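The values are calculated or read from the model by the stated rules, or taken from the named source; none is laboratory data. From a predicted model like this one, the values you see are computed outputs, not experimental measurements. Cβ: placed from backbone, ideal geometry, glycine included. Neighbour counts: every protein chain shown. Heads up: the accessible areas ignore ligands, DNA and RNA and are worked out on the full protein's heavy atoms, side chains in. Shrake-Rupley method; radii C 1.70, N 1.55, O 1.52, S 1.80 Å.
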Amino acid sequence: MKLIINRYNPENDQAPYEQFFEVDDALIQPDTMLLEVLQMVREQDPSLGFRSSCQEGVCGSDGMNVNGKNHLSCITPVTSLKQPIVIKPLPGLPIIKDLIIDMKLFYQQYQDVKPFLQATPLNPSQEHLQTPKERAKLDGSYECILCGCCSTSCPSFWWNPDQFSGPAALLAASRFVIDSRDIKHIERLKELDSPTKTFRCRHIQNCTDACPKGLNPSRAIQELKSIMVKES
Amino acid sequence: MPKSSTNNPATKNLLENTLSFDAVIVGAGGAGLRAALQLAESGHKIAVVSKVFPTRSHTVAAQGGINAALGNVTPDNWQWHMYDTIKGSDYLGDQDAIEYMCQEAAEIVRELEHFGVPFSRLENGKIYQRAFGGQSQNYGEDQAHRTCAAADRTGHAILHSLYQQNIRLGTTIFEEFYAIDLLKDTQGAINGIMVMNIHNSEYQILKSPNILLATGGAGQVFRTNTNAGINTGDGLGMVLRAGYTLQDMEFWQFHPTGVAGKGMLISEAARGEGGVLRNASGEAFMEKYAPHVKDLASRDVVSRAIAVEVQQGRGCGPNKDHVLLDLTHLDGEVIKNRLPGIRDISITFAGIDPIEQAVPVFPTCHYMMGGIPTNLKGQVITPNQDNSQQVVKGLYAVGECACVSVHGANRLGGNSLLDIVVFGRKAAQTISEQIALSPANHQAELDTASLQQVMERIERWHNAVDNSVDNLVDNSINNSEDHNKPPISDSVALIKKDLQKIMEQGCGVFREESSMRHALQQLPFIEKRLQTVCLTDDSDIFNLERLSALELENLLAIAFATANSALARQESRGAHSRIDYQQRDDQAWLKHTLYNHQTRSLSYKEVNLNPISREPFTPKKREY
């Protein structure tokens, strides 16, 4: 199995470069995931930098650009990939080392949409009631794992990362706008209603295409926009 | 030439860059973030140190749910929950701690709901509750529905909501910082911690009279496990190196349904929603082992049953090495709505859609019942010379890394998420009280000897860099018959693999004197290899090889604790299942083990059989 991996260590390198690696085909099973292959490469070269944690697609640590598309390496079967497999860090954010990017801006955008429930305070003896139908509206928005695959594949994000909230943050925003328990949805909508924050989304669909959890941030943003139009 | 000689961390001005806090929390999973929330809300100056971004902590992977006797689906009360938990623990759990946890459960789950957790709902708008293993109504009668769930992503929903609430309060989080070791003051109390910024290998002392460890589990000590790669027991290693003990380290839960050959978890919720285990002839074999509750017996019982079926030749597949978890008789919509995550995992890792086909499963290491001994308030305790128990001043522990002993010898599904939030909140309350009592502790002087010890450990891994390819290992230390291919060139990664293999063979689902002794004989070779191995990466930016070496030191200490404790306990109880001592022996072994790594010796502690508000549950034969 042949891989071309982007390398960059700012201690020694002026610019990122490509390095060729080869892993013995005998070690590859039909269900081998890319993360396992990267771990084999790291055994050859322990300096190779990439993040990983859960190894089963729920923590969002190992987002990377594989053959031109953003993926989580731990749930990407290598046999599905054309060789040599070209692996780069997620695009559009600064590289810290090799495949590890600086996600500060991505997290800041998330924090900026106030991603926490703001509800009528209740005493601890009772829960907010929410019908299964109201709860079902949250399906497709609360499952986001903050891997960054969506935002870093979005041209609007690349062009205006300092202004456009990006698909992940907007998906989180929509999750609270539509939560029947949240009482601040008017304020939330007002804050998001700007030509750069929400309306810079052009529905190119890269985010939805890239989401490893099968979520649809583009549709969520569309719904946000239509609620804004209705409420204004 | 090794770079470390010009970049020695000891030369950096550590003491001048020291930061002080009212409390430092190590770990940003459910326990750490729940504690942080409490302390931040009380207005204290706190820091949370996490080696990964908080939502990447292992709490995120918890699937099935969190237990609370809400009684939303079946009648329930906390005393039934208490009984089930004590029985599930095989009577090794401390009854006062279990009593407290079960009493707090309903309120703390409603609190989580207030924090924004998107629980699944019933038609009447209340929180949905599902059946789980080991749950009963009225002390052992009908199955109870006690597990509150957000589909099968409950841990994800809870961890993200807790993180979000910490964003609301502006909690200070040191993300991608690795906690290396505890520091003591001149009086011997814990009053600081050495951390490393993973981004640039800069070391820093965070000083505080209150250090709370919430570093999670250590399942990486076994080869096949459901744990995240980050679960290396860092808090436990720190505690052992500081000279304190670990409790009940022989008790490791093997979850019955890991994806066969892989280990990813298929939640117990799959059986709670009606899934059935079958052997090669299609027989629903749990009827034989737990005639009353069948597939919803406690996890140790189900794991052993699967292991026995396979051992006796009734396993499935070409190698007869697993059984099948059959959900095909369930309504496809139930699977899509209630078990979407496990459907994803089955399709991704086994290539099987559980709506159409049964999923191959086998027990896999899942949860550490033992850990850092604490009292109900989250304070770490340690035995005195006369075996009385004493609070370690300045040190607290909660969550999987801790052993307040609510899980005893076996944890019930749905109780781990409960444990982390109940005791996360409680420890934070204790710390608040401590801060109110003694704010002046900030001034305490660091003990130079404890700092020196930590510096030596740091320097060891900076100086152990060898860029040449001839870092040949002395083959005489690879003389174990289990390592028939001694590495020409040793590495941290190879040593870790060998350690995991040794532990899996020596202290797996079934144990006996010879297997455990064998493991104990091999561990010193691993120790020697770790002492002599060289690193190849001398970079200071995201040096994951060095990080892995520090983590491996923790895993190795945990392996010693596990093998020593397990070999000593000559009985079968809960998850500790011995071929050579098949019965539970309350006469000799109704007690906790305490392992001290410096003396490599064990001492013992009584199980607390005295709940505060009700009669104790006296140990009886455990049947499901």
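Here are the numbers for this structure:
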quantity	calculated
Charge context of B:Ala350, other residues only, Cβ under 10 angstrom, K/R +1, D/E -1	-1
Sulfur and carbon atoms: percent of accessible area, the protein assembly as shown [1.4 Å]	49
Per-residue HN-Hα couplings for segment B:103-120 [Karplus 6.51, -1.76, 1.60; θ = phi - 60°; Hz; x = Gly/Pro]	5, 7, 4, 4, 5, 6, 6, 4, 4, 4, 4, 5, 6, x, 4, x, 4, 5
GNM top mover of A:Cys207, A:Cys59, A:Cys150 - chain A, alpha-carbon springs below 10 Å	A:Cys59
Where GluC sites (Glu not before Pro) in DSSP loops with at most 12 other Cβ within 10 Å are excluded, longest remaining stretch of chain B	B:142-355
Interface B:A - total buried accessible surface [probe 1.4 Å, Å², rounded to 100]	4700
Exposure of B:His292 as accessible area (Å², to 10), given a probe of 1.4 Å and all protein chains	120
Within segment B:380-415: backbone nitrogen closer than 14 Å to the B:Glu606 label point (7 Å, Cα to C-beta)	B:387-389
Reachable aspartates and glutamates, given that their alpha-carbon falls under 15 Å from the alpha-carbon of B:Lys45 and they are not under 8 places away in the same chain	B:Asp22, B:Glu433
Close Lys-Lys pairs in segment A:54-145, where close means Cα under 25 Å and separation is 8 or more or interchain	10
Threshold 20 Å² - residues in segment A:52-92 whose accessible area is reduced by that much or more when the chain is no longer isolated, probe 1.4 Å	A:Ser53, A:Cys54, A:Gln55, A:Glu56, A:Val58, A:Cys59, A:Ser61, A:Ile75
Relative contact order (percent, whole number), chain A, Cα cutoff 8 Å, 6+ residue spacing	18
Heavy atoms of B:Thr18 accessible to a 1.4 Å probe, total area in Å² rounded to 10	30
Cysteines without a disulfide-compatible neighbour (Cβ-Cβ under 4.7 Å), chain A	A:Cys74, A:Cys144, A:Cys147, A:Cys149, A:Cys154, A:Cys201, A:Cys211
Relative contact order (percent, whole number), segment B:242-375, Cα cutoff 8 Å, 6+ residue spacing	41
Heavy-atom accessible area ranking, 1.4 Å probe, most first, across B:Lys620, B:Lys262	B:Lys620, B:Lys262
Segment B:28-70 versus segment A:187-232: alpha-carbon centroid distance in Å	29
Most mobile of A:Asp179, A:Asp193, A:Asp45 in a GNM of chain A (Cα contacts under 10 Å)	A:Asp45
All lysines inside 19 Å of B:Lys621 as judged from Cα atoms, apart from same-chain residues fewer than 8 positions distant	B:Lys87, B:Lys288, B:Lys294, B:Lys591
Solvent exposure ordering (accessible area, 1.4 Å, most first) of B:Leu418, B:Leu451	B:Leu451, B:Leu418
Surface accessible to a 1.4 Å probe, A:Ser141 within the full protein complex, Å²	10
Gain in span if fully extended, B:Lys336 to B:Asn200, counting 0.36 nm per residue against the direct Cα distance	44.5 nm
Average accessible surface area per residue within chain B, 1.4 Å rolling probe, Å²	33
Heavy-atom accessible area per residue - segment A:16-128, 1.4 Å, Å²	41
Whether the protein assembly as shown is rounded, prolate or oblate, judged on the alpha carbon gyration tensor where a/c under 1.5 counts as rounded	rounded
